[in-house]
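Comments concern the structure below.
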Amino acid sequence: MSYAYLLKYIVIGDTGVGKSSLIMQFTQEVFRDKHDITVGVEFGAKVIKINGQSVKLQIWDTAGQEDFRSIVRSYYRSTAGALVVYDITRRDTFKHITRWVEEATNNGNSTLTFMLIGNKSDLESQREVSYEEGLQLAKEHNMLFIETSAKTKHNVEQTFCQTAVTILDKV
Ligand code: GDP
């Protein structure tokens with residue numbers, strides 16, 4: 001399929017927050033409840049339409065490389081969007097966001113667009129991080145913000161598309 005733009009995303013955040021699940025739901029429209037390391041995607045791609053133009057998204061997961069220092073600089077080369085994910089039911093994953101943002105900022109190019117994602121919004125009864133806290137942190141770091149559920153598909157499409165719209169607005 002031909003496309004007008006090719007945008008590369010990197011998805012970062014602690015282990016278990018749902019990075020692979022978000023990519024899988026977006027690119028393949030499947031969700032697996034049980035964590036299985038072998039189904040973790042390292043790469044996904046999908047063509048979307050924005051203002052009538054085809055935009056190809058290439059999405060890289062950091063599966064198995066969650067140690068901050070192990071993610072090499074080259075990973076970030078030519079990356080347009082950084083999706084930084086935490087789990088709304090695990091406050092520790094939210095606390096680590098600043099470190100992930102710093103790492104991406106230090107390694108990425110100056111035009112990198114950040115989207116902060118509070119995933120697992122379907123687990124409302126187990127929520128440890130409020131929507132307002134997420135929004136506040138996003139503002140502090142000049143990031144877009146959204147809450148998603150890779151399980152119910154809530155805001156999944158929106159996450160990837162909104163990031164692309166913001167990136168293309170800067171072009
Ligand atoms: P990763 O290590 O960040 O790539 O996380 P995974 O995508 O492997 O997900 C970790 C676990 O959380 C798996 O058991 C998923 O099924 C589960 N999970 C991921 N996203 C969601 C979600 O939105 N809601 C719920 N309830 N579980 C999720």
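The values are calculated or read from the model by the stated rules, or taken from the named source; none is laboratory data. Note that this is a predicted model, so its numbers are computed, not measured. Using ideal geometry, Cβ is built from the backbone for each residue, glycine included, and neighbour counts are taken over all protein chains shown. Ligands, DNA and RNA are stripped out before the accessible areas are found, and what is left, the full protein with its side chains, is counted by its heavy atoms. Shrake-Rupley method; radii C 1.70, N 1.55, O 1.52, S 1.80 Å.
Label-to-label distance for residue 169 and residue 1 is 2.4 nm, based on points extended 7 Å past Cα in the beta-carbon direction.
The heavy atoms of residue 27 present about 30 square angstrom of accessible area, all protein chains included, probe 1.4 Å.
Taking every DSSP beta bridge that has both residues in the chain, what percent is antiparallel when rounded to the nearest 5?
Working: 8 of 30 bridges.
Counting DSSP beta bridges with both partners in the chain, the antiparallel share is about 25 percent.
By a 1.4 Å probe calculation restricted to protein chains, residue 171 has an accessible surface near 120 Å², given to the nearest 10.
Our helix-only sum for the chain, with -39,500 (n - 2.57) per DSSP H run of n ≥ 4 divided by its residues, gives a mean residue ellipticity at 222 nm of -9000 deg cm²/dmol. To put it simply, the accessible area of the chain at a 1.4 Å probe is 49 percent carbon and sulfur.
For the chain, the solvent-accessible area with a 1.4 angstrom probe is 51 square angstrom per residue.
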